[in-house]
Amino acid sequence: MNAFFASSTVGFGILDSQLRYTRVNDVLPRMAALQPEDLLGKSVPEVFGIRGSRTETVLRNLLRTGTPLLDREVSTELPRKPGQVRHWLVNYFPIPGETGAFTQVGIITVDVTARRNAEEALRKLSGRLLGIQDQERRRIARELHDSLGQYLAGLKIALELLGGSPSPEKNTELLAECRDILEKSITETRTLSHLLHPPLLDEAGFASAASWFVNGFSQRSGIPVSLDLPPDMPRLSESVEIALFRILQESLTNVHRHSQAPSAEIKVESDAEQITMEITDHGRGMPARVLQQLQGDGTKLGVGLAGMRERVHELGGSFEVTSNQGGTTIRASIPLAVREESQTAGATALG
Ligand SMILES: Nc1ncnc2c1ncn2[C@@H]1O[C@H](COP(=O)(O)OP(=O)(O)OP(=O)(O)O)[C@@H](O)[C@H]1O
Ligand SMILES: [Mg+2]
């Protein structure tokens, strides 16, 4: 029994009828950042204050009724460390004395603080991801409205004019216009659909998709971008390829929207262990406010940078931003030997 008490990772204790600790193993006081002598001979309210008084009521009731309290989750501040909260899973059970009445309380406690904190982190992350998803939907909505929506509205007008039996020359002209608008709508739909998820990424991999995107980006934005890929770049896991592609997309979009840079450079390097991508522009650099946010928890960052950082961390990699008046560099390194299970948000929160 002694060895059982001593060698456990579970906190054990026994309280007498006055709810004083008469016996504890080493773990129980350690959970509360206390020594055994801080508990022995003391009552629960003496050790835990107001919180302990509430427990006292519960335990007196337990001694009277003889009904155990199982798997009760308790969150409490450490008695001598204000502000430090621990979460415990506690079982109290009544122990009968010789007369049959209940005279002692047995305590079995497990510290579940790490698990609770991990759950909390996961909840926060899910919240942010939902936010990111929402932003993405708005962007697509805007894109559909501003491009395709405009073309289709134009097409409707042209068709209405056609319906008014115009002269043969006007008729030919309107038909040509309709064909032209339709052509543009088809191109736009393809571009939008490919930007949402480039089929090239699945079929030919990151290198091909990156070249396609960079070319299109340069044409649309007028910003020349050089792309330096390792020769014979191998296919990577799907999650790594998607992450790299999305980071490339967002970084270049940022270059276009914020940097005023005349050009940008992308460099991708890989070895057996990791792949690193650097996107550099020689623009005006990020505002000090953004750089400060990047140093801190980043909760007020735009979705772009925060999303990139989350993606990389989800894959166990590192994400760095260097920026000054001379320009900005985004650097993402992702380990290649990523285990599948560590790619889930849950595992990230736990790690
Ligand atoms: N290459 C860059 N050069 C200069 N400033 C930049 C650059 N990239 C980002 N920034 C600054 O950092 C801010 C945050 O970027 P982030 O991508 O997170 O958000 P955003 O682009 O403003 O919005 P979105 O959430 O749509 O991406 C930008 O508003 C901009 O001020
Ligand atoms: Mg952005």
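For the reader, a short list of remarks on this structure follows.
- Enumeration of residues in segment 288-306 that are away from ligand 2 (no atom under 13 Å from the Cβ), modelled with pLDDT of 85 or more and not polar (S, T, N, Q): 288, 289, 291
- If you go through segment 32-57 and pick out every residue that is polar (S, T, N, Q) and farther than 18 Å from residue 69 by Cβ, you end up with 1.
- Against the list (1) surrounded by 14 or more Cβ atoms within 10 Å (Cβ to Cβ); (2) in the same structural domain as residue 313 (by TED's automatic domain parsing), the condition residue 230 fails is (1).
- Single condition residue 255 does not satisfy, out of (1) at pLDDT 95 or above; (2) away from ligand 2 (no atom under 16 Å from the Cβ): (2)
- Qualifying residue in segment 255-268 (condition: out of contact with any Lys or Arg (no Cβ under 9 Å at 6 or more places or on another chain), assigned to a loop (DSSP other than H, G, I, E, B), over 24 Å from residue 137 (Cβ atoms) and not aromatic (Phe, Trp, Tyr)): yes
- Of the residues contained in segment 246-267, none is found to be more than 16 Å from ligand 1 (Cβ to nearest atom) and either within 22 Å of residue 202 (Cα to Cα) or crowded, with 17+ Cβ neighbours inside 10 Å (or both).
The values are calculated or read from the model by the stated rules, or taken from the named source; none is laboratory data. All figures in this text were calculated on a predicted structure; none of them were measured in a lab. Neighbour counts are summed over all protein chains in view; Cβ atoms, including those assigned to glycine, are modelled from backbone coordinates with ideal geometry.
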